[in-house]
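Asker: I'd like to ask some things about the structure below.
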Amino acid sequence: MPKLAKEIMLGFIPVLLVFLVFVGVNVVPLFIAAALVGTLLFIAKMKGGIAVGAGNERKRKKSGPAKLTFEEIGGQDNAKQELREALDFLIRHEDIKKFGIRPLKGILLTGPPGTGKTLMAKAAAHYTDSIFVAASGSEFVEMYVGVGAGRVRDLFKDARSRAAKENKQNAIIFIDEIDVIGGKREGGQQREYDQTLNQLLTEMDGIYSQDTPRILVIAATNRKEMLDSALLRPGRFDRHIQVDLPDKKGRTHILNLHAGNKPLHEDVDLDKIAEEAYGFSGAQLESVMNEAAIYTMRENEQFIHQRHLSMAIDKVMMGERSDRESNFEEKKRVAIHELGHAIMAELVRPGSVKQVALSPRGKALGYVRHNPQQEQYLYTKAFLEEQIMIALGGAAAEEIYYGGRSTGSSNDFEQSLNIVETMMKSGLTALGIINMNMVTTEELMKENNMILEELMNRTKSLLEQNRPIFDNSLDILLKEEILSGEQFRCQFRENALLPA
Ligand code: ATP
């Protein structure tokens, strides 16, 4: 919009001037005034005050200097260690020269969102006493060809000039979402991104043309497989550091860090919260601490209690409670759907259900809370199949009771499809060990349908066999709207005592 306004102005002003001259107005004072304003704007721009397109520059300046240390990052012990080792290239530059080692120019941090990649880059700047300049891949994407490339040039120029101004020997340039500009270049067509990427490669190749500042580019992505190989070749981003979701120890550490400025009651057991927050990223854990503090404040309490943290976990996992009122028929369908998940979960993993609830949260109308799981990094075929059966339990239950499904199963199907894909990639299906590109879509579809159909039948038959548990739990859930894990297991025990 500002660009459009500028263009309209540029067209309008000459026409206005010609008109004024035509009707006999003296335009000389106008010219003098315009020249004065122009000069003032130019001086302001030189001083870095007002500048067209300087938004990014100012944003970047705000991002430094970096004060964050590695101690303020929870978990990620391996990633931090690897990063520190890589940063020694910058610190021990004399030794590097002596041994003729090729200097390190780029480090790629990969991992899911919110795991602390930006924090790592900031801590790296602190550790190496560097200038920290940050930008995000999306900032380089412009409609106009050449603008992105110009911004990359400015970024490196900015790092150099700030290092000189602040008398620093090193500069770290952090580029978040590198996949936006560094995606694979396919086909002959030139895109704007290509120029931006080429400029980045050129800048990286020229990093060591001057001795100072020594520049290190740290890039982050959660889609490494999308990156162009030119970016990953030796001499560019050739150090790859995986920043994973934290394990339980890491989660406790992160929770402790974010609890530092909050009044915790002595009943709080952060170890237990970390156990419940299985699969959470650092950003989600930060959010748990924050939401717990908000609940505490709303209740006019002095200290954050364990229940505030549990409520916060629910909120971060499933969204805020909503006051959507559904009619009885809809409620019953939701109850049947959720019990389908819960019964399957309890059948394949006894003791795993913590709660079944009918209260709407986020987009869901009901939910099943599971007890914390053990950390696990390898999954067997049987485990993955059970996981699919738990996901299909909702749709299977609706089919049994109503003879058909509803739209409420779309997320469950998405989850099941993802698991099937993992199984295929890991050689756990009848397709054998495959590269997904070697197999036709029809073959993949056929195998996918076969697996899901077979598991759906197994799920339905298990649910049918446990119909009395289903019926009794349904009555309680519809009346109470909540069914605790203990109440639920009680139904299982009672059912086992019934004559077969
Ligand atoms: P994205 O991929 O979305 O850019 P990211 O991996 O760069 O995410 P950060 O921006 O570093 O994630 O983290 C976001 C916030 O989450 C941080 O400001 C911090 O509050 C919290 N956080 C994430 N990881 C950690 C961690 N390991 N220790 C402490 N806090 C963390």
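The values are calculated or read from the model by the stated rules, or taken from the named source; none is laboratory data. In this text, all values refer to a predicted model and were calculated from it rather than measured experimentally. Note: ideal-geometry Cβ built from the backbone for every residue, glycine included; neighbour counts use all protein chains shown. These accessible areas exclude ligands, DNA and RNA; they are computed on the full protein's heavy atoms, side chains included. Shrake-Rupley method; radii C 1.70, N 1.55, O 1.52, S 1.80 Å.
Asker: Could you list, in sequence order, all residues of the stretch 28-83 that are open to solvent by 100 Å² or more (accessible area, probe 1.4 Å), part of a helix (DSSP H, G or I) and modelled with pLDDT under 75?
Answerer: Phe42, Lys45, Met46, Arg58, Lys59, Lys62, listed by residue number.
Asker: I've got another one for you. If only one of Asn437, Asn495, Asn418 is within 37 Å of the chain's Cα centre (by Cα), modelled with pLDDT under 90 and in a helix (DSSP H, G or I), which one is it?
Answerer: Result of the check over Asn437, Asn495, Asn418: Asn437.
Asker: Can you work out which of the residues in the stretch 311-333 that are open to solvent by less than 30 Å² (accessible area, probe 1.4 Å) and modelled with pLDDT of 85 or more is nearest to Tyr367 (Cα to Cα)?
Answerer: Among those residues, the one meeting the criterion is Asp314.
Asker: Same structure again: If you go through the stretch 436-446 one residue at a time, do you hit one that is of a type outside the set (A, V, I, L, M, F, W, C) and buried (at least 16 other Cβ atoms within 10 Å of the Cβ)? Steps first, answer last, please.
Answerer: Kept after step one, since they are of a type outside the set (A, V, I, L, M, F, W, C), are these residues of the stretch 436-446: 437, 440-443, 446.
From what is left, the residues that are buried (at least 16 other Cβ atoms within 10 Å of the Cβ) are none.
So far as the stretch 436-446 goes, no, none of its residues is of a type outside the set (A, V, I, L, M, F, W, C) and buried (at least 16 other Cβ atoms within 10 Å of the Cβ).
Asker: Still on this model: Would you please list the contacts, defined by Cβ atoms under 7 Å and residues six or more apart or on different chains, that run from a residue in the stretch 355-368 that is within 12 Å of Ser322 (Cα to Cα) to a residue that is among the aromatic types (Phe, Trp, Tyr) and at pLDDT 85 or above?
Answerer: Qualifying pairs under 7 Å: Arg361/Tyr367.
Asker: Here's something else I'd like to know. Go through the stretch 75-132 and give me each residue that's away from the ligand (no atom under 16 Å from the Cβ), among the β-branched types (Val, Ile, Thr) and touching a residue at least 24 places away in the same chain (Cβ under 8 Å).
Answerer: Ile91, Thr128, Ile131 - these are the residues of the stretch 75-132 that are away from the ligand (no atom under 16 Å from the Cβ), among the β-branched types (Val, Ile, Thr) and touching a residue at least 24 places away in the same chain (Cβ under 8 Å).
Asker: Now for a separate question. Could you tell me how many of the residues in the stretch 117-134 are closer than 22 Å to Leu232 by Cβ and under 17 Å from the mean Cα position of the chain (by Cα)?
Answerer: Of the residues in that region, 4 qualify.
Asker: Filter the helices (runs of 4 or more DSSP H) completely within the stretch 197-308 down to those with at least 2 residues that are out of contact with any Leu (no Cβ under 8 Å at 6 or more places or on another chain).
Answerer: Per the criteria, 248-259, 270-276, 282-298.
Asker: Ala283 - would you say it is open to solvent by less than 70 Å² (accessible area, probe 1.4 Å), of a type in the set (A, V, I, L, M) and within 12 Å of the ligand (Cβ to nearest atom)?
Answerer: So Ala283 passes the test.
Asker: When both residues are 6+ apart or on different chains and their Cβ atoms are under 9 Å apart, which pairs have a first residue that lies in the stretch 439-455 and is assigned by TED's automatic domain parsing to the domain that holds Met389, and a second that is aromatic (Phe, Trp, Tyr) and surrounded by 12 or more Cβ atoms within 10 Å (Cβ to Cβ)?
Answerer: Once the first residue is assigned by TED's automatic domain parsing to the domain that holds Met389 and sits in the stretch 439-455, its partners that are aromatic (Phe, Trp, Tyr) and surrounded by 12 or more Cβ atoms within 10 Å (Cβ to Cβ) give Leu452/Phe413.
Asker: Related question: Run down Ser484, Ser406 and say which single residue is touching a strand residue (DSSP E or B) at 6+ places or on another chain (Cβ under 8 Å) and open to solvent by less than 90 Å² (accessible area, probe 1.4 Å).
Answerer: Of the residues listed, the single one that is touching a strand residue (DSSP E or B) at 6+ places or on another chain (Cβ under 8 Å) and open to solvent by less than 90 Å² (accessible area, probe 1.4 Å) is Ser484.
Asker: Sort out which residues of the stretch 89-120 are farther than 14 Å from Leu216 by Cα and either small (Gly, Ala, Ser) or touching a His at 6+ places or on another chain (Cβ under 9 Å) (or both), and write them in order of number.
Answerer: Passing the criteria: Gly100, Thr110, Gly111, Gly114, Gly116.
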